[in-house]
6 protein chains.
Amino acid sequence: MKPSPKSHPRPAPLLAFGAHPDDIEFGCGGVIANETSNGREAHFVVCSRGEAGSHGKPAQRILEANRSAKLLGASLEFVELDGDAHLEVRADHAIKLAGIIRHRRPGIVLAPSLAENQHPDHPRLGRLVRDACRLARYGGVRELRNAPAHVIEQLFYYAVTAEAEPSDITPVLIDVSSPDVLQAWTSAMEAHITQVSARNYVELQLTRARLRGLRTGSSHAIALFPNDPIVLDSLAQTSSGVRRF
Amino acid sequence: MKPSPKSHPRPAPLLAFGAHPDDIEFGCGGVIANETSNGREAHFVVCSRGEAGSHGKPAQRILEANRSAKLLGASLEFVELDGDAHLEVRADHAIKLAGIIRHRRPGIVLAPSLAENQHPDHPRLGRLVRDACRLARYGGVRELRNAPAHVIEQLFYYAVTAEAEPSDITPVLIDVSSPDVLQAWTSAMEAHITQVSARNYVELQLTRARLRGLRTGSSHAIALFPNDPIVLDSLAQTSSGVRRF
Amino acid sequence: MKPSPKSHPRPAPLLAFGAHPDDIEFGCGGVIANETSNGREAHFVVCSRGEAGSHGKPAQRILEANRSAKLLGASLEFVELDGDAHLEVRADHAIKLAGIIRHRRPGIVLAPSLAENQHPDHPRLGRLVRDACRLARYGGVRELRNAPAHVIEQLFYYAVTAEAEPSDITPVLIDVSSPDVLQAWTSAMEAHITQVSARNYVELQLTRARLRGLRTGSSHAIALFPNDPIVLDSLAQTSSGVRRF
Amino acid sequence: MKPSPKSHPRPAPLLAFGAHPDDIEFGCGGVIANETSNGREAHFVVCSRGEAGSHGKPAQRILEANRSAKLLGASLEFVELDGDAHLEVRADHAIKLAGIIRHRRPGIVLAPSLAENQHPDHPRLGRLVRDACRLARYGGVRELRNAPAHVIEQLFYYAVTAEAEPSDITPVLIDVSSPDVLQAWTSAMEAHITQVSARNYVELQLTRARLRGLRTGSSHAIALFPNDPIVLDSLAQTSSGVRRF
Amino acid sequence: MKPSPKSHPRPAPLLAFGAHPDDIEFGCGGVIANETSNGREAHFVVCSRGEAGSHGKPAQRILEANRSAKLLGASLEFVELDGDAHLEVRADHAIKLAGIIRHRRPGIVLAPSLAENQHPDHPRLGRLVRDACRLARYGGVRELRNAPAHVIEQLFYYAVTAEAEPSDITPVLIDVSSPDVLQAWTSAMEAHITQVSARNYVELQLTRARLRGLRTGSSHAIALFPNDPIVLDSLAQTSSGVRRF
Amino acid sequence: MKPSPKSHPRPAPLLAFGAHPDDIEFGCGGVIANETSNGREAHFVVCSRGEAGSHGKPAQRILEANRSAKLLGASLEFVELDGDAHLEVRADHAIKLAGIIRHRRPGIVLAPSLAENQHPDHPRLGRLVRDACRLARYGGVRELRNAPAHVIEQLFYYAVTAEAEPSDITPVLIDVSSPDVLQAWTSAMEAHITQVSARNYVELQLTRARLRGLRTGSSHAIALFPNDPIVLDSLAQTSSGVRRF
């Protein structure tokens, strides 16, 4: 019997991209907490300072993002693209993100979903990350010659809101019912004080996760949407997908 | 760190349903070989003797099916529903199959896909099995009171031909590249002598698996289509879904 | 109470069909409470006594259903088709339901959604009701000659669970945020004592409605899925579909 | 004139965007005539002078557009983006349109549909308007600080041709059977003399509306495609969606 | 260069199935007229006498159907299944229709589309015909042993109304602009006097065909929906699919 | 009986666009060989020198592309857009390609499919070509005034890999089973020495074509995806779409 992937001494790091300082936490913070609690390294790449939002100055948003990432056990960097609410799909942006992928050499990459009917920065960043994962593999891209090509294991999309969930990809559900994980996730969301004081984002996200948890017979679960079909060595790797309702 | 599902002393059995004596082998025989080689018990339920087919008498088809199941390490039983090319979606059929599920108590269930544009018996059996998995859970079904209710882990659909692959479910790909597994699968298909002497079914199936293998950077892979989203304890359970092309 | 756009002195009655004694309440009880509180008559047609369920004897389920309908301001009748977990799509069933439609002469009809991956009785009843609405219009159906043909205004599907929501119909969202409506709905669900004592169905449904309410900037909303495009006299009839997230 | 359900003394204005001088009229002119005849203010934003078309000089197209808008009871302005057949999806375009939305403060916004297989300017303008509706809400967008943030009620897409109708949104059908409305619409289309003398656009549009009218049992109807689910206070707001065929 | 299929001395016959006496004519009568005018034999199989309709007695409907088929150059037979508005999907029905296919040995088969939201007899007959085309190929079906197995060339679906058009199949458009063809089609529809005196069916169908004709730059065209991808020897076999709008 | 399109003395030329020097050959080289062997002229437009790929220098890739085109009987030109892995969807690119279309005046145009999850240059070029086919028709585009407007017959998309096949268009299958055609295709793929020495691209493409050939009862077939419905003068133009499995 082949050894399960879990027997790896240390899984390849996780790299998560967000368009705004709070997108990763609201969209899939529970998954991050679950992975770091299992010993996986996580790094966030945040592509604006949220300067177009209705609430919070950039300086404060940066502080909140750093504090929130820390609560999830992740490191964080800011990357300058076009700025909040100004993001465009440009080849040079994808190449810049591919450079980060080559530098970080992740196994798992997380990016906002491609559903169009949400904040326009979200699907554009999702597309840029998808393209970046591919460009990171190509040996001849001149701007990337400083770092060796890198092939990731899997790109998953997260949905910042329910409307952002792709309708054409069957999700995998990640169980985030562990009390420690739920607590870390909640704290990380609440660390975005400027945002949660204006809208009930925390309730929104916990309600979404609770609905999926109720479905699967656990407490809470988060849906991730794989960019390519998952490859399994055997069916033993699937947990039970029990339908309770 | 939580123990992986693989640490179970023995996984719950696999139960595969086929409308005709060769459907399971042609549609997902490689997955069966892979599971039984990993120590999982497998049982086949075949719902006709192929008596409407152009090639092979029922007596010979039964012999072939038994021999083929044995090559895959599986046990086999025949169940009488409406007969080959006569299958209908009837409540009593679903209840009969639910009785088998309660008796066998499987973790994984395999059934032909629901795509309509294939042999009409295939999607009808797929629907009956889907309903049976659900009815097996309900305590009050009077015909099922002899056996305790049972909740399966996951129902996967297999596609007997490329046209039978569902377009609305993202598959999981099962790596069947191990030489032993490929050999057992090929032998099991070839055991259906009356069929493979008339059409190049073996080439068709190996070509399909090779195409998926080429995609994932392995030798051969088979797509299964989950009826419900897969639930994972962590992302460590996903193998690499590497895109090679 | 606001005047309806059609300025009918009294809107045509609502007719809701359920496969089991609690389906209407769990799937769209808030909509019923909202309509009856606006002066519309509502009648429930329940097509089994829930006798295949894991919890509750038929006699008790009947009592619960009657009590629950009363809390929502609706009348109720039971109709015998094939029995719980035994429902089939038969022409004579559709004709029987068409007879009820001709007798009740509703404006709005509600039925369970057609999504296949749920309790098999749900989509089958949905299909029977859809066909019944059409057959009720045809003058020559011999079994229906006792009552004059009837054309309904609109058929809406409700989803008993989140998984039952159709993916190919854009829903309309009905605001059920009024405290009286929410209270009536909650009480009606809780009246199904045998069910809610076994599973947290009430939380499931309120969570679903809360998630939609959060989206639309109200407290709670329920999605209905129109069988045919809605026809409007003018855009003044659409309330604001404000996106809050 | 019937009172609106919201009993607003005057509904919030309608703002319609077109890529070329005749798009609004051909795609949804009947809806405009219907709304203005009900007392709603309407304003057109036209984003090119049709200078890449095969027929008509810009100066004449501007005259035709102004005359046509007047026939529909709407005001009109031209906005300079990239020019006819040169439109690109740029963040600064979306922000410019968001500025117009903040200035006009509409309830209803109309934009060309996002279906890709039509004149490339159409879906690009549709996307820009969708993003603009969202950006108009965000308090921190620096280019928009001169006007207060504005939340629209609903964005609807119109389809300039049958091929431009989105396949993934259930439309709402607006009844435009009133003789005055039909007459105003026809005149407004015919006011684009340079276009209708070259192709039978008027017949195309009236044929499309007639086909929908035949379906709904009225004379003529136009389909609009909501960007977000419509929210209703009660089912009394839906007119009858009667199927006649 | 290979000979084109047209060089066949006589194309294999066309076999069209209809659930009611007027379905073939309303749904694709122009295609029939076009084929018979090109020398292809056509035969209609009508599966009820329209006895559940609101207008017309069975005796009159039979007369109308025979007269209409004659105007299109087709022969006609009635087949008894379950009767109008009572059709069910039964294995023995499919086998009965397969027997007709083996007897008539058609190249092209036409059947009503599978879209569910139309008269329930239509999609059910469509499914029965699809299954029948397949069963006609299987050598061992005991009820069919009197006639040799037969493989058709292609099954196309026709849509009786616009709502019956499948959304998941790209149609092929058949040009029916020839004045003779249009005239024969119109006369054949008008031959169903009991129906066209009650509703404007003829206008509905000509409007649909005109809309497609406008799109393709011809006068009138009818959409057929292939059950399987069309196979071409070369691209020379495609006429121009010119987009005019 | 009308003459078949094949009787044209010489069909309008075919124009194929590729993002990289080998895309046309790998995606649809068999179709090219089939058309040129039937006497149709073919011309390739290649939009980069593959300079971002992992294998092969631009100079060598240019040699390979020229040699490969020659083996397929096609002429070839390189066009400079943004360079390999840097392509963006810009209006001026579409206009440049429209200029080539006006100059070459093709009947059939081939372009890479629009599926997003592949090399980012592929769907972007596909979109640019689709827009270019449309812009080539518009008389007023100032950059194109040197050449008269041109209307193509049909745009087909090809899929460079299986993952690039559009899920929302029914393909047409082109039979490429002729030994000469298969040989020319294989040689043309093998002429891309730098690529086929690194990965088993030839096996991938022949496996895809074989799978479709097995399905249709021939040896090999290639799927093309029409941008608009195909228009046929009669059903005699469809070859047999025989289902063999």
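When averaged across all projection directions, what area in nm² does the alpha-carbon convex hull of region D:85-165 cover?
Working: hull surface 20.4 nm².
Result: 5.1 nm².
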| task | Report the FRET efficiency, 1/(1 + (r/R0)^6), for residue B:116 and residue A:12, where r is their Cβ-Cβ distance and R0 is 45 Å, rounded to 0.05. | result | 0.60
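Can you give me the relative contact order of chain C as a percent, contacts being Cα pairs under 8 Å and 6 or more apart? Walk me through the numbers on the way to the answer.
Details: 470 pairs, mean separation 54.5, N = 245.
Reported as a whole number, the value is 22 percent.
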| field | Globularity index of region A:125-213, i.e. its alpha-carbon radius of gyration over 2.2 N^0.38 Å | value | 1.46
| remark: Taking every other residue with Cβ under 12 Å from the Cβ of residue F:85 and scoring Lys and Arg +1, Asp and Glu -1, one gets -3
| field | Amide H within-cut-off set for residue B:19, under 5 Å, with H built and near neighbours excluded | value | B:47
| At R0 = 56 Å, FRET efficiency that the Cβ-Cβ distance of residue E:193 and residue A:57 yields, to 0.05 | 0.15
| So for C:96, B:70, fewest C-beta neighbours within 10 Å to most, what's the order? | B:70, C:96
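What is the local net charge at residue C:22, summed over the other residues whose Cβ is closer than 9 Å to its Cβ (Lys, Arg +1; Asp, Glu -1)? Display every interim value, and only then the final one.
On the way: positive: C:61; negative: C:23, C:25, C:64.
Taking every Cβ under 9 Å from that of residue C:22, the sum is -2.
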| request: Within 10 Å of each Cβ in peptide F:153-164, how many partner chain Cβ atoms are there on average? Round it to a whole number, please. | output: 3
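For a footprinting-style exposure proxy, rank A:201, E:157 by other Cβ within 10 Å, fewest first.
Listing A:201, E:157 from fewest to most nearby Cβ atoms yields A:201, E:157.
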| task | Just the number, please: percent antiparallel of the DSSP beta bridges in region C:97-245, rounded to the nearest 5. | result | 55
| message | Only Cα pairs within less than 10 Å get springs; with that Gaussian network setup on chain B, which residue of B:22, B:168, B:180 has the largest fluctuation? | response | B:168
| field | Residues F:82, C:131, sorted so that the one with the fewest Cβ neighbours within 10 Å comes first | value | F:82, C:131
| Which residue, D:136, D:59, D:74, tops the fluctuation ranking in a GNM of chain D built on C-alpha contacts under 10 Å? | D:59
| query | Loop-only check: which GluC sites (Glu not before Pro) in region B:71-118 are DSSP coil with at most 14 other Cβ within 10 angstrom? | reply | B:80
| task | State, to one decimal in nm and shortest first, how far the label point of residue D:143 sits from each corresponding label point in the other identical copies (label point: 7 angstrom along Cα-to-Cβ). | result | 2.2, 2.2, 6.4, 6.6, 6.8
| query | Can you pull the Rg over Rh of region A:1-142, Cα-only, Kirkwood? | reply | 0.99
| said: When a/c reaches 1.5 or more, the comparison of a/b and b/c decides; with that in mind, is region E:38-122 rounded, prolate or oblate per its Cα gyration tensor? | reply: oblate
| residue A:96: net charge of surrounding residues, Cβ under 10 Å, Lys/Arg +1, Asp/Glu -1, itself excluded? | -2
| request: Output the antiparallel fraction of DSSP beta bridges having both residues in the protein assembly as shown, as a percent to the nearest 5. | output: 20
| Gaussian network model of chain E, Cα springs within a sub-10 Å range: biggest mean-square fluctuation belongs to which of E:31, E:151, E:129? | E:151
| task | In square nanometres and to one decimal, what's the mean projected area of the convex hull around the Cα atoms of region A:141-181? | result | 6.0
| query | Once all Cα-Cα distances of the protein assembly as shown are split into 20 Å bins that start at 0, what whole-number percent is in each one? | reply | 9, 36, 43, 11, 0
| query | How large is the convex hull of the Cα atoms of chain F per residue, expressed in Å³ as a whole number? | reply | 130
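Values quoted throughout were computed directly from the atomic coordinates according to the rules given, and no laboratory measurement underlies them. These numbers were taken from a predicted model, which means no experiment stands behind them. Neighbour counts are summed over all protein chains in view; Cβ atoms, including those assigned to glycine, are modelled from backbone coordinates with ideal geometry.
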